[in-house]
Amino acid sequence: MALTPSTMLPLGTKAPDFKLLDVVSQETISLQTFAAKKALLVMFICQHCPFVKHVKSELAKLGQDYVDQRLGIIAISANDVANYPDDSPEKMKEMAQELDFKFPFCYDESQEVAKAYTAACTPDFFLFDGENKLRYRGQLDESRPGNNIPVTGKDLRAAIESLLGGNTIKIDQQPSIGCNIKWKPGNEPSYYG
């Protein structure tokens, strides 16, 4: 497993549009789906990554805690399923149902959405305001597999609470670290590696 950090896309960047199929509902999800929300959290995750497995319960809890609030959440997996079959839409659906995700979990088969967001690792988090401007990108918290720090989601939760409360999010944001996105051969983006 290659330890890969977030690209730390510049704050203020506009959220790229997307149209992806939710593996559970089979509905098409786009940026417009979340137009009425005050904020949008875009998470790049997958089913097999040990870093995602380490935080998966907290990701599900985020969805449960904010289901009735003005935060939209979408999870996206962009991994190459030909070489990583554990990340197939069928396995993604099993994960979403097992964890009772309260948000869409979409498969980015072309990997173009991951590239548009400069996603580099799983998990990778991007929090946008109501004008679709990036306000936070970075880690969920300081917990990693094996470092014995409890998973709390404190960094991401603090950013969400600040944004929903109309407050400024701290600028000192730490990159997320995880497994690299499994790009299809020859499809690696220029910002990768």
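The values are calculated or read from the model by the stated rules, or taken from the named source; none is laboratory data. The shown structure was predicted, so the numbers you read here are calculated from the model rather than taken from an experiment. No Cβ is skipped: glycine too gets one built from the backbone with ideal geometry, and neighbour counts run over all protein chains shown.
Which of the residues belonging to the range 77-99 are touching a helix residue (DSSP H, G or I) at 6+ places or on another chain (Cβ under 6 Å) and within 21 Å of Thr33 (Cβ to Cβ)? Spell out how you get there, then give the answer.
Narrowing the range 77-99 to residues touching a helix residue (DSSP H, G or I) at 6+ places or on another chain (Cβ under 6 Å): 77-79, 81, 99.
Within the range 77-99, Ser77, Ala78, Leu99 meet the criteria.
Evaluated against (1) under 21 Å from Gly138 (Cα atoms); (2) assigned to a loop (DSSP other than H, G, I, E, B), Val67 falls short on exactly one condition, (1).
Within the range 109-130, residues that are on the phi > 0 side of the Ramachandran plot have Cβ atoms under 8 Å from residues that are part of a loop (DSSP other than H, G, I, E, B) and polar (S, T, N, Q) in these pairs: Gln111/Asn187; Thr118/Thr7, counting only partners at least 6 apart in sequence or on another chain. Only one of the listed residues (Ala96, Ala114) is farther than 21 Å from Lys14 by Cα, under 14 Å from the mean Cα position of the chain (by Cα), at pLDDT 95 or above and in a helix (DSSP H, G or I). That residue is Ala96.
In the range 133-192, how many residues are of a type in the set (Asp, Glu), part of a helix (DSSP H, G or I) and closer than 25 Å to Asp17 by Cα?
Initially, the range 133-192 is screened for residues of a type in the set (Asp, Glu), giving 141-142, 155, 161, 172, 188.
Cutting the leftovers down to part of a helix (DSSP H, G or I) gives us 155, 161.
Right, trim to closer than 25 Å to Asp17 by Cα and you get 161.
Qualifying residue count for the region: 1.
Answer yes or no as to whether Gln69 is at pLDDT below 95, of a type outside the set (A, V, I, L, M) and surrounded by fewer than 22 Cβ atoms within 10 Å (Cβ to Cβ). Yes, satisfied.
Working only within the range 86-108, note down all residues that are surrounded by 16 or more Cβ atoms within 10 Å (Cβ to Cβ) and of a type outside the set (A, V, I, L, M, F, W, C). First the steps, then the outcome.
Residues of the range 86-108 that are surrounded by 16 or more Cβ atoms within 10 Å (Cβ to Cβ), as a first pass: 87-89, 91-93, 95-96, 99, 101-108.
Listed by number, the residues that qualify are Asp87, Ser88, Pro89, Lys91, Lys93, Lys102, Pro104, Tyr107, Asp108.
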